[in-house]
Amino acid sequence: MNIVLFGPPGAGKGTQSKMLVEKYGLVHLSTGDIFRYNMKNATPLGKLAKQYIDAGNLVPDEVTIDMLKSEVEKNAGAAGFIFDGFPRTNAQADALDKFLTTKSSQVDKMIALSVEENELKNRLKERAITSGRVDDADPSVIQHRIDVYNKETLPVKEYYQAKDKYFQVDGVGSIDQVFDRLCVEIDEVLV
Ligand code: ADP
């Protein structure tokens, strides 16, 4: 079972992914986490990605797609994946589709966490205090990430809608409430 968790920066994808991994035994692939790990360790990939990430831009598709494929390959025995932060462009969605097809697999569902913009900004401001993330620290970078999301990432919703695979849950409420809403959607894949 492969689930794409979708939503703007600050929607709660990371928090929910951790809980979903425990419940469903899936492997969590967060492109943001993988990039940050590479930046922390100053790998060539990290050095390349840093300039884009700190400015709130997307890392180029080719780089991101190659990285994602290699992470999937590393987890060959996995029961399935939660893709978090990927795909973020239609080109990435297309690449993921083709890649999974070669593995006789597919994306079963994209589930979006819906949270309105003011709430996102408040959450990211809070997160900045503890995350140490350069891209959380500056309100203009946060605004830019939200703009990039609306322009480049939101079209991915239509990509999955066209395949009847797009579902949305309310991302506002307690962490447990949101988790329960996601579980309802995932359990439907399992029956
Ligand atoms: P958030 O959900 O708060 O935007 P992420 O941790 O998902 O944060 O991503 C942080 C940054 O990493 C993004 O702003 C972008 O620069 C880069 N990134 C993550 N995933 C992708 C992707 N699929 N394609 C391109 N860039 C990505």
If we ask which residues in the range 100-146 are charged (D, E, K, R) and over 16 Å from Asp54 (Cβ atoms), their number turns out to be 10
Looking at this structure, is Asn38 out of contact with any Lys or Arg (no Cβ under 6 Å at 6 or more places or on another chain) and more than 14 Å from Ile186 (Cβ to Cβ)?
-> yes
Among the residues of the range 102-131, how many are polar (S, T, N, Q) and without any contact (Cβ under 8 Å) to a residue 40 or more places away in the chain?
-> 6
Residue count, the range 164-191, condition in contact (Cβ under 8 Å) with a residue 12 or more places away in the chain, in a loop (DSSP other than H, G, I, E, B) and not hydrophobic (A, V, I, L, M, F, W, C), comes to 2
Kindly establish whether Arg88 is out of contact with any helix residue (DSSP H, G or I) (no Cβ under 7 Å at 6 or more places or on another chain) and basic (Lys, Arg).
-> no
Would you say Val107 is β-branched (Val, Ile, Thr) and in contact with a Leu (Cβ under 9 Å, 6 or more places away or on another chain)?
-> yes
Scope the range 151-191; condition of a type in the set (Gly, Ala, Ser) and exposed (fewer than 11 other Cβ atoms within 10 Å of the Cβ); matching residues | Ala162, Ser174
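No lab work stands behind these numbers, since they all come straight from the coordinates. Source: prediction; values computed, not measured. Glycine also receives a Cβ, built like all others from the backbone with ideal geometry; neighbour counts cover every protein chain displayed.
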